[in-house]
Every structure is written in C-alpha cells, then in structure tokens.
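Every number in this text was worked out from the coordinates using simple rules, so none of it is lab data. Since the structure is predicted, the reported quantities are computational estimates derived from the model, not experimental observations. Here Cβ is always computed from backbone atoms with ideal geometry, including for glycine, and neighbour counts include all displayed protein chains.
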Amino acid sequence: VEVSHRMAGAARAAAVARALELCGTPPEQTWIATTDADCQVPPDWLIHHLHHARRGRQCLVGTVRVASHPSLAPPVRALHDAHYFAGHDGPGWVHPHVHGANLGIRADTYLRAGGFPSVPYGEDHALVAALPAHTRVLRTDACPVTTSGRTTPRAPHGFGAFLRELGEVSEGA
C-alpha cells in the first residue's frame with residue numbers, strides 16, 4: 001500500500017483498510033498484526049499472536065528489544081533498559097508499553113475502537129486507549145520484536161527520537 005501523506009496513523013489505517021478489503025473473512029475471524037519496517041520479528045511471532053487470538057484475546061500488546069547500533073551508546077541502552085523494564089517481576093510481567101511494532105488486534109475490535117487515528121504519531125497508543133471496556137487485552141513480553149537502536153530518527157516522534165532524548169538525558173546526568 002502506497003500513501004502520500006506522512007502520518008503514521010493514516011498510513012497504518014490505509015494498510016489495514018486495504019488488507020481487510022482483500023481478506024474477505026468476517027472481522028471477528030480476522031487478526032491484524034502490525035510491526036515496523038525497521039524491526040525484526042521472531043520466526044514464531046505470528047504463530048504467537050494467533051495462539052492468543054484463538055484463546056479469545058482480542059488484542060495483544062507486545063514488547064520490543066533494542067538492537068545494537070553504532071549510534072546507541074552503552075549508557076543510553078542502560079538508561080532505556082532501566083526505564084523499560086522497571087517493575088519487571090518475571091514471566092507474568094504486565095508491562096505498560098504500547099508499540100505498533102508488536103501489536104495485534106482482532107478486526108472487529110479494531111473497527112469498534114475506530115481504527116488507527118489519522119495522527120502524525122502515537123496512533124498505536126491512541127488505538128489501545130480507545131479499546132472498548134471489557135476488551136480481552138494481553139500485555140505480554142513473551143515474544144518481543146527487535147527494533148532499531150539508531151538514535152537518528154526517521155520519524156520526529158518515533159522510537160529513534162525517544163532514544164536520542166535518552167542520550168541527551170544521559171549526557172546531562
């Protein structure tokens with residue numbers, strides 16, 4: 001799907017709309033799994049998503065791991081990990097993070113929530129925040145996606161920008 005607008009939310013929404021159009025299955029039987037172009041998913045990533053979908057989950061909110069990158073200084077990685085894994089208490093960890101890089105949602109739930117909003121950033125957070133009450137959401141660290149560790153972001157408010165800001169904090173510490 002090619003789009004001319006430069007908003008992550010609108011791009012994701014257009015991709016999902018086209019996929020649902022092509023899919024032809026009922027929304028309650030369709031799983032939407034999203035990641036990012038600069039990410040690497042584990043070989044069993046989609047199987048992991050579908051396993052939980054078959055068990056009745058309507059949304060899966062996964063985690064990420066930051067790949068090594070020449071621009072990612074060790075103190076920045078340490079600061080990221082300290083922040084990201086704060087409160088991690090084992091395999092049942094219910095994390096607070098939302099990443100379009102590791103997100104899955106049943107199509108009927110996606111549509112009821114209004115889909116990805118047409119915003120320049122934060123579309124993943126907005127979608128999860130808009131989920132109807134009683135949506136069966138799984139927040140899991142069981143199948144993380146590896147994301148780029150570059151600190152020169154392509155998106156002004158993306159993960160690379162977050163890492164760059166952490167670098168500024170670590171330099172000021």
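Taking the centroid of alpha carbons for each part, the range 2-27 and the range 135-161 are 20 Å apart. Taking amide H as placed 1.01 Å from N in the peptide plane, V66 has its amide H under 5 Å from the amide H of T147, each at least 5 places away in sequence or on another chain.
Looking at (1) 55, 38, 26; (2) 52, 42, 31; (3) 54, 46, 28, which value of Cα extents along the principal axes in Å comes from a calculation on the structure shown? Matching the structure shown: (2). In the chain, taking the dipole from charged Cβ atoms about the Cα centre, the farthest positive-side position among V98, S71, G87 is held by V98. Across the range 90-96, coupling constants 3J(HN,Hα) worked out from phi with the 6.51/-1.76/1.60 Karplus curve, θ = phi - 60°, read x, x, x, 3, 9, 7, x Hz, and Gly and Pro carry x. In the chain, taking the dipole from charged Cβ atoms about the Cα centre, the farthest positive-side position among T109, L46, P144 is held by T109.
Listed values for the range 102-113 are Karplus-derived 3J(HN,Hα) couplings in whole Hz (6.51 cos²θ - 1.76 cosθ + 1.60, θ = phi - 60°), namely 8, 9, x, 7, 5, 4, 5, 5, 4, 5, 5, 7, and x replaces Gly and Pro.
Look at the alpha carbon pairs under 8 Å that are at least 6 residues apart: their mean separation over the length of the range 62-173 gives a relative contact order of 43 percent.
Under 5 Å from the amide H of C143 lie the amide H atoms of T63, each residue being 5 or more positions distant or on a separate chain, with H modelled from the backbone and absent for Pro and chain starts.
The C-alpha radius of gyration of the range 72-173, expressed as a fraction of 2.2 N^0.38 Å, stands at 1.21. Each helix, a run of at least 4 DSSP H residues, gives -39500 (n - 2.57); summed and divided by the residues of the chain, these come to -11000 deg cm²/dmol at 222 nm.
Converting phi to 3J(HN,Hα) with the Karplus coefficients 6.51, -1.76 and 1.60 and the offset θ = phi - 60°, the range 129-141 yields 5, 8, 4, x, 4, 6, 5, 7, 9, 10, 9, 9, 10 Hz in sequence order, with x at every glycine or proline.
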